[in-house]
Amino acid sequence: MNARTRRPPAPVRQVLALVALACLSAVGFALFAQYKLDMQPCPWCILQRVLFLLIALLAGLGALIGGRVVTVLTALLIVPAAASGVASAWYQHFVAAKTASCNLTLADRIVSSIHLDTALPAAFEVRASCADAASTLVGVPFEFWSLALFVLLALAGLWSAWRARG
């Protein structure tokens, strides 16, 4: 095997698998919160779900395919996706939640343009305004939990890329 096709160390693939699992769990918990705790999603919530699924896909590819180039590339791509999640959670809390409508915001346009809201409305349909969707979980705004997970995912992506490159 040459350096390009050699598999990265097992811990890197395990971390990427955990990243994928964490992202799928986050979306699963968001759906639980929506349907069992009546926390209806706004466009920024839906955008964060999409970003979690994108990161899960990238991490899953890196963990399953496992060649060094693919692993480094997917791990590096996790970082801007997670940074986008951090930005969306931050914006949701500090800007969007203070407005009466999220209609035609960047998040609303992105969600509408990828048509997941019509393809899978049970998971991706916007059901509340940003102000109405503001809620907490154990006293912490829901979007801060999301923000914290996105930060951890970015760090895991950086670590995985660093370890797999070598």
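If a residue must be polar (S, T, N, Q) and without any contact (Cβ under 8 Å) to a residue 12 or more places away in the chain, how many such residues does region 109-166 contain?
Result for region 109-166: 4.
Out of everything in region 65-89 that is surrounded by fewer than 16 Cβ atoms within 10 Å (Cβ to Cβ) and modelled with pLDDT under 95, what residue ends up being farthest from LEU158 (Cα to Cα)?
Per the criteria, the residue is ILE65.
With the checklist (1) surrounded by fewer than 14 Cβ atoms within 10 Å (Cβ to Cβ); (2) over 18 Å from the mean Cα position of the chain (by Cα); (3) hydrophobic (A, V, I, L, M, F, W, C) in hand, flag the one item LEU120 doesn't pass.
All conditions pass for LEU120, except number (2).
Quick one: which residue in PHE144, PHE94 is at pLDDT 85 or above and closer than 22 Å to LEU31 by Cβ?
None of the others qualify; the one that does is PHE144.
Quick one: SER146 ticks every box in (1) crowded, with 23+ Cβ neighbours inside 10 Å; (2) more than 22 Å from ALA22 (Cα to Cα); (3) within 16 Å of the chain's Cα centre (by Cα) bar one, so which box is it?
(2)
Does LEU137 qualify as being out of contact with any strand residue (DSSP E or B) (no Cβ under 7 Å at 6 or more places or on another chain), within 23 Å of GLY66 (Cα to Cα) and either surrounded by 13 or more Cβ atoms within 10 Å (Cβ to Cβ) or of a type in the set (Gly, Ala, Ser) (or both)?
When the stated conditions are applied, LEU137 does not pass them.
When you go through VAL70, VAL79 one by one, which is the residue that is touching a Leu at 6+ places or on another chain (Cβ under 7 Å) and free of Cβ contacts under 8 Å to residues at least 12 places away in the same chain?
Every option except VAL70 fails the conditions.
Looking at this structure, is LEU153 closer than 19 Å to PHE29 by Cβ, surrounded by 14 or more Cβ atoms within 10 Å (Cβ to Cβ) and not small (Gly, Ala, Ser)?
yes
The values are calculated or read from the model by the stated rules, or taken from the named source; none is laboratory data. Small disclaimer: the values here were computed from a predicted structure and weren't measured. Methodologically, a virtual Cβ is constructed for each residue, glycine included, from the backbone with ideal geometry; neighbour enumeration extends over all protein chains shown.
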